[in-house]
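The values are calculated or read from the model by the stated rules, or taken from the named source; none is laboratory data. Not measured: the values here are computed from a predicted model. All Cβ positions, glycine included, derive from the backbone under ideal geometry; neighbour counts span all protein chains shown.
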């Protein structure tokens, strides 16, 4: 039930919904003054939520940009969390296509290649909900297959395919790696925006965590003047993910997950 409610909450947290709500309210109003206020509210939300400069400010202050692992340091386990590393294409059912956060997988491969981690655990299961959400990606399995094609020996890749959220990533990973929790430090690899909540969940399950950030969204370079005013659809999407992480931490605290 919690998983279903969390997906419904995603709709409420969508900045696009925030923009639409005042416009819907405006349709129900009769006084011109009230209609103008509702439309103005929607317009202000559009200007703020599509502004790259404002979005980048919040992203920079939220993302966990963990430092690189030194070349002389080695950990036994690297745990990479699923959530969009690959996608399913109906037109090419036999093709494994890279998803929006495929950098998680690429960074995991990089860590393995440089000897920073010896084994890889891909954590994440199907997120389908009957009549609500369809998930045909088989992400964990396909990520494993891609890593093997990239040169990682199959004996060093393990799959946890039951988890549907970050709490379950940590829970089921702890069950698989229970012999390593107390004596070893694991590298948790996920998007920089998501890393804060992920680390809390894994530490709650008893892990010693060495965070490693992927899919970094923040921009450290000075933007041009036009970039400060040009509306950006990407900023709208990033605000959604940012809000989702902030609310996710609050909800997870209330649930006792972190």
Among the numbered criteria (1) surrounded by 15 or more Cβ atoms within 10 Å (Cβ to Cβ); (2) on the phi < 0 side of the Ramachandran plot; (3) part of a loop (DSSP other than H, G, I, E, B), which single criterion is violated by residue 68?
(1)
Enumeration of residues in region 218-249 that are modelled with pLDDT under 85, part of a helix (DSSP H, G or I) and touching a helix residue (DSSP H, G or I) at 6+ places or on another chain (Cβ under 9 Å)
227, 228
Filtered residue count, region 160-172, keeping only those that are under 17 Å from residue 141 (Cα atoms), in contact with a strand residue (DSSP E or B) (Cβ under 9 Å, 6 or more places away or on another chain) and either surrounded by 18 or more Cβ atoms within 10 Å (Cβ to Cβ) or without any contact (Cβ under 8 Å) to a residue 24 or more places away in the chain (or both)
4
Filtered residue count, region 2-51, keeping only those that are surrounded by 13 or more Cβ atoms within 10 Å (Cβ to Cβ) and modelled with pLDDT of 90 or more:
27
